[in-house]
Structures are given as C-alpha cells and as structure tokens.
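Structure record follows, encoded as structure tokens.
Please treat every number below as a calculation from the coordinates, not as lab data. Since we're looking at a predicted model, the values are computed, not measured. FYI the Cβ positions are ideal-geometry reconstructions off the backbone, even for glycines, and counts take in every protein chain you see.
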Amino acid sequence: MPTLSAVVGLALIVIVLAEAFEVLVFPRRVTRSYRFTRLYYRAGWRGWCLAAAALPPTRLRQTFLSIFGPLSGLGLLAAWAAGLVVGFGLIHHALDQRDGHLEDSLYLSGTTFTTLGYGDLTPTTPASRIVAVAEAATGLGFFALVIAYLPVLYQAFSRREAFIGLLDARAGSPPAAGRLLLRTPPGSGHCLTEFLAEAERWAAEVL
C-alpha cells in the first residue's frame, strides 16, 4: 500500500508539473489529445453553458458566459496547486505513515507547499525530510511562476476587452456582419479591411 501511494503521488506530481510547463512556459501549442487542461476546459465549459441555459436570454446570460474565461483560469491554477499538494501528501504518507492518518500527511503537504511551516507536524524520516524540502522548493517556484503569469494574462484580457468595445461600436452587440457593413461609410472599404486585419492579428496573438 505505501508503494502504491508513492507511485500515485509521484505520477500526479509529474502530470501537474508537465501541464503547468506546457501552459505557462512552453512557447508552442501542444496537440496531445489527452491533457488535464483540455478535459478541464471542455467539462467546465459544458457545465457552465448548462448553468447559463437556466438564465433568461438577456444580457445577464451573456455576462455570465463571459465570466468563464478569467474564472476558469484561476480555477485551473488552484486545481494544479491542489494536485501538487495531494501528490506530495501521498508520498509523505508512504514514507511516514503517521498511524495511518492520510489527512495528517495531506496537512503536512499543504503547509510545506505553501511554506507556512506551523511546526505542529514535521517529517520524521530522512526520506520524508528530503521530500519536504523538494516540495517547499516546488511550491515557491509554482507561486513565482503564477505571479509572473497573471499580469501577462491580465494584459491579454485587457486587449481583448478593448477590441470587443471597438467591435461593439462598429458591429453592435452581439456583433453582426450586416451591421458592420452598414456602419462603414461608403468608399471606406480600406478602413474595414484594416479593422479585420487588426482583428486577425489580435486573435493570433492572444489565442
């Protein structure tokens, strides 16, 4: 049982760190079909759409749907952190049984990962102490990466909102191609072409 706990915990840590690296650090698009992030967003968006369907078809529903993007990003970061805490907790439990109380190992993992260090629970074996040091270093690196990533994410959403405001002024809300053409002055086709080219550049940069 301790061996199984250690293997599951190590696999969970590797999966979460690989996902975080691919999303936050890796500069290229990942095309693997089986990814936690892909499943997270697909399942989350379906559930969010079902919840939105219960709302009246007004601007409230549109606002509710627009919240999913930034909120799901924060939820993904929280899910990664929880996965790392559980993974290290399973390894702590395998190395130091603590009378079979898994919750104590998870608590030790949580305080170590967040570097709280209350001191009420401490690793008692040499191997668990090494794991505790590795977990504390992982937690510091994870939070530093998140802090560095959030401003970039906020700037991307700010550029998106600025473009959406400009699109609303030209094509209405929700935007319609016919309204966009009607609001384009005659003989100003080049302005529309530049606007669509700018939209394409924005989409390529943000998405």
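With the convex hull built on the Cα atoms of the range 1-88, state its orientation-averaged projected area in nm². Spell out each step's value before the answer.
Numbers: hull surface 29.7 nm².
Approximately 7.4 nm², given one-decimal rounding.
With P(r) over Cα pairs in 10 Å bins from 0, in percent as the read-out, I listed [x] 8, 35, 38, 17, 1; [y] 8, 32, 37, 20, 3, 0; [z] 7, 25, 25, 20, 12, 7, 4, 1, 0; which label goes with the value calculated from this structure?
[z]
Count the net charge of all other residues whose Cβ sits under 13 Å from the Cβ of residue 65, scoring Lys and Arg as +1 and Asp and Glu as -1.
Values: positive: 46, 59, 61; negative: none.
Local net charge: +3.
Just going by the charge dipole of the range 1-110, with Lys and Arg at +1 and Asp and Glu at -1 on Cβ, which of 4, 93, 41 is farthest out on the positive end?
41
Over the range 2-149, calculate the relative contact order: mean separation of alpha carbon pairs under 8 Å at least 6 apart, over the residue count, as a percent. Before the final figure, lay out the partial values.
Working: 124 pairs, mean separation 40.9, N = 148.
After rounding, I find 28 percent.
Counting other C-beta atoms within 10 Å, which of 24, 150 has the fewest, and how do the rest follow? Walk me through the numbers before you get to the answer.
Values: 24 16, 150 13.
Going from least to most buried by this count: 150, 24.
In deg cm²/dmol, rounded to 500, what helix-only [θ] at 222 nm does the chain give when every DSSP H run of at least 4 residues adds -39500 (n - 2.57) and the total is split over its residues? Mind dumping the intermediate values first?
On the way: 7 runs with 156 residues, N = 207.
Here the helix-only value at 222 nm equals -26500 deg cm²/dmol.
Taking 0.36 nm per residue of separation and subtracting the Cα-Cα distance, what length does fully extending residue 191 through residue 103 add? Walk me through the numbers before you get to the answer.
Numbers: separation 88, 0.36 × 88 = 31.68 nm, distance 6.24 nm.
Stretched out fully, the residue 191 to residue 103 stretch lengthens by 25.4 nm.
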